[in-house]
1. Between the alpha-carbon centers of the range B:238-280 and the range B:94-155, tell me the distance in whole angstrom.
2. Per residue of B:120-129, count partner chain C-beta atoms within 10 Å of its C-beta, then hand back the mean as an integer.
3. Across all directions of projection, what mean area in square nanometres is found for the Cα convex hull of the range A:138-214?
4. Students often get this wrong, so check it: of A:K115/B:K176; A:K253/B:K176; A:K253/B:K92; B:K49/B:K237; A:K115/A:K282; A:K282/B:K187, which have C-alpha atoms separated by over 23 Å?
5. If you look at just the Cα atoms of the range B:15-159, how large are its Rg and its Dmax in Å?
6. After finding the eigenvalues of the alpha carbon gyration tensor for the range B:122-179, what semi-axes result from the square roots of 5 times each, listed largest first in whole Å?
7. Using alpha carbon centroids, what distance separates the range A:122-164 and the range A:211-230, in Å?
8. Using the structure shown, list the pairs from A:K174/B:K98; B:K98/B:K253; B:K155/B:K185; B:K101/B:K185; A:K49/B:K59 with a Cα-Cα distance above 22 Å, or answer none.
Amino acid sequence: MFDSLSSKFASAFSSLRSRGRIKSSDVEEIVAEIRSALIESDVAQEVAKSFGDRIQELAIPELERINKSTNPSQGIFEIINAELTTVLGGQTRRIRMAKKGPTVVMLVGLQGAGKTSLAGKLAQYLKSQGNTPLLVASDLQRPNAVTQLQQVGASVGVPVFAPEPGNGVGDPVKVAQAGKKFAEDKLHNFVIVDTAGRLGVDAELMSQASRIRDAVKPDEILFVVDAMLGQDAVRTAQSFLEGVGFDGVVLTKLDGDARGGAALSIVTLTNRPIMFAATGEKTSDFDLFHPDRMASRILGMGDVATLAEQAKAALDPDLTKKFEEKFAAGDDFTLMDFLSQLQALKKMGSMSKMLGMLPGMNSGAMKKQLDNLDEGELVRTEAIIQSMTPAERHDVKILNGSRRARIAKGSGRAVSEVNNLVDRFTGAQKMMRQMRNGGGMPPGMPPVPGMAGMPKINKQLPPKKKSKSGNPAKRAAEQG
Amino acid sequence: MALFSKIFAKLRIGGASDSDWDELRSSLIESDLGAKLSDEIVSVARATKSESAESAIRKALEGALTTSSRDLKVVEDRTTTILVVGVNGTGKTTSVAKLMKDLKDRGNDVVVVAADTFRAAAIEQLQTWGARIGVPVVAGKFQGDPASVVFDGVKVARESKADYLIVDTAGRLHTKSNLMDELSKIKRVLDKSGGVDEVLLVVDATTGQNGINQAKSFTESVSVTGLILTKMDGSAKGGIALAIERETAIPIKFVGTGEGADDFGPFEPDSYISGLIGSE
Ligand SMILES: Nc1nc2c(ncn2[C@@H]2O[C@H](COP(=O)(O)OP(=O)(O)O)[C@@H](O)[C@H]2O)c(=O)[nH]1
Ligand SMILES: [Mg+2]
């Protein structure tokens with residue numbers, strides 16, 4: 001998300017960087033660029049303007065101090081970064097728990113924003129933290145919304161309270177109320193109420209939402225917003241705020257290339273924080289929203305913190321250590337090492353998503369390359385390696401035609417794919433040897449198949465302030 | 001939109017100040033036309049000799065629309081085949097329901113295919129519509145291969161000599177190459193069995209500038225032939241659809257104005273433009 005924002009900011013900054021001493025006219029210039037970049041990203045014009053004004057206000061009195069520092073453009077950058085973080089919601093806020101009885105979370109939003117899917121994600125998230133959520137099907141309007149919630153609930157192992165069939169039958173207010181009662185009786189500590197999508201201009205449906213609210217007295221009303229939303233965000237957020245009210249915002253479909261500027265408008269104008277972000281169609285593609293990370297991401301800094309967290313969780317420290325020792329001892333890099341690393345990468349989750357969090361990787365061309373990384377290829381490669389005998393894995397040079405044909409058959413892949421893998425592995429192995437001979441640091445993770453774009457990616461990284469390693473996983477490990 | 005009438009009242013071509021035109025530009029941006037198209041419209045309008053600012057703007061907006069046909073393409077000698085695509089939640093399934101009702105009401109035999117095998121209860125959602133409207137729905141297994149359901153649908157349509165075959169697909173973000181490949185595969189199945197006559201991209205009127213990327217990527221994968229602009233019953237003006245037309249020359253063919261099967265009709269440029277500039 002925020003793609004063009006990143007590149008616009010990035011180009012504005014590189015021109016700033018080349019200037020050395022910063023004058024107030026330079027600040028005005030960059031503020032103008034930021035404004036137009038924000039508008040292009042669907043931020044409301046008034047919000048873009050007030051954000052720019054604020055930067056100017058904050059930066060100009062600081063110029064003297066900033067210009068004394070060794071890196072003045074960094075000083076401006078920090079001001080913008082801090083302000084953007086503040087606008088995006090300041091500190092991360094967690095769900096407010098009820099003092100007594102179940103904590104009730106009510107989801108509201110436009111049609112198609114992704115409420116029902118989000119209900120499942122939130123349920124799984126809460127459950128993974130040891131809670132006992134109950135899902136309540138109060139969207140009785142859209143055909144088979146109830147069925148959808150039931151299926152979603154079943155897939156995450158969370159019970160669904162759905163006494164009415166929906167498709168226009170049943171009273172959503174009564175269902176919500178009975179759902180809360182059910183949760184109290186059965187000692188669920190969370191209730192997630194899914195409601196029908198409604199338009200801001202639909203007074204009747206808006207009043208229905210407020211009746212659901214009055215019936216269940218939610219501890220949190222979450223306004224679910226599609227990251228692709230345009231300028232209408234302002235009107236819609238305002239009508240939901242007046243019609244039913246909300247305490248927090250959830251951004252969905254953040255895995256696309258939407259710039260997400262509407263989120264900035266909504267938090268600015270309603271003063272409600274973004275609490276969660278949905279980043280994919282899997283029920284696990286859900287996380288707390290981190291304004292500071294998002295701000296760095298907007299500014300082209302990449303979401304290094306998230307990456308480091310994921311890497312730490314996924315990377316087996318023993319494995320990494322083993323590699324490094326092996327490498328230091330002068331052992332050769334084998335297919336087995338290759339495979340363990342593939343597996344570690346897979347564990348780290350969607351690779352393209354992960355790489356997208358790195359600085360400089362969110363610009364258009366880069367994004368395209370990332371999105372084209374074939375994750376299925378990792379799986380196929382794994383299958384091929386697993387069809388080899390230990391001896392073959394140890395030394396690919398023994399792989400003659402008949403062995404390759406056997407492996408292809410065993411893994412259900414074409415012989416050409418086996419050949420391809422062997423070629424690429426041999427290339428990687430050669431590179432590892434060269435790296436060692438050149439005295440370079442042993443990388444925790446060498447190039448792997450399906451990541452042909454990696455070396456190119458590294459070249460496009462902006463000057464790194466925080467990291468020493470050119471290798472993403474290594475860098476993440478450093479920061480973890 | 002009071003703002004526009006206020007601006008129009010002030011704007012007399014020639015007598016309008018730069019800041020009046022700036023205000024107008026802002027209002028166009030607020031309708032999701034995007035900065036680029038808004039600039040273009042304003043400069044075209046400023047150069048137009050016209051009796052009023054409103055008609056100048058109107059003409060400029062009309063000029064941005066494509067001149068291609070907005071009619072649904074129809075073939076006579078075989079089943080007319082329509083593929084419906086778009087990102088998640090834009091209103092594809094509902095639009096398929098509306099389209100099948102419209103075609104059926106005109107006396108056609110329609111078959112629809114539930115090729116969204118991915119989202120929970122998407123198949124049931126379309127089946128519910130099919131039962132309400134009285135149109136057969138060809139469906140496969142949840143999480144099955146969508147291309148093979150489409151293949152079955154083609155067979156059913158052909159055997160029953162249906163006039164129309166409409167294929168509902170799973171929502172997908174245009175940035176996911178594997179899902180876009182899946183869509184191309186569905187289209188290839190249709191291509192091989194006679195051809196696809198319309199590929200309709202469903203765009204939600206609340207969509208911001210991302211809509212342009214959507215249209216470009218879907219066109220790249222499956223050659224979109226028309227847009228369905230949904231949710232025009234809300235406060236969003238749907239200016240993104242004009243921006244898409246301008247950028248890709250893909251015509252807006254239909255407009256959705258509610259959640260019911262009848263809340264649907266052909267795209268009407270005049271009323272769309274009136275909506276954009278807030279005149280009745
Ligand atoms: N107000 C309004 N809602 C719509 C319109 N078209 C679809 N919807 C709603 O948008 C939501 C998503 O629609 P659906 O057809 O399931 O989207 P899909 O995921 O693209 O198939 C549902 O709640 C629909 O009722 C429209 O023209 N106006
Ligand atoms: Mg659908």
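Here, each number is a calculation from the coordinates, and none is a lab measurement. Computed from a prediction, not measured in an experiment: that's the story for all the values here. Methodologically, a virtual Cβ is constructed for each residue, glycine included, from the backbone with ideal geometry; neighbour enumeration extends over all protein chains shown.
1. 25
2. Taking the mean over all residues of the peptide, I get 6.
3. The Cα convex hull of the range A:138-214, projected and averaged over all directions, gives 5.2 nm².
4. Violating the 23 Å limit, Cα to Cα: B:K49/B:K237; A:K282/B:K187.
5. 22.4, 67
6. 22, 15, 11
7. Spelled out, the Cα-based centre of one part sits 16 Å from the other.
8. Check vs 22 Å cut-off fails for A:K174/B:K98; B:K101/B:K185; A:K49/B:K59.
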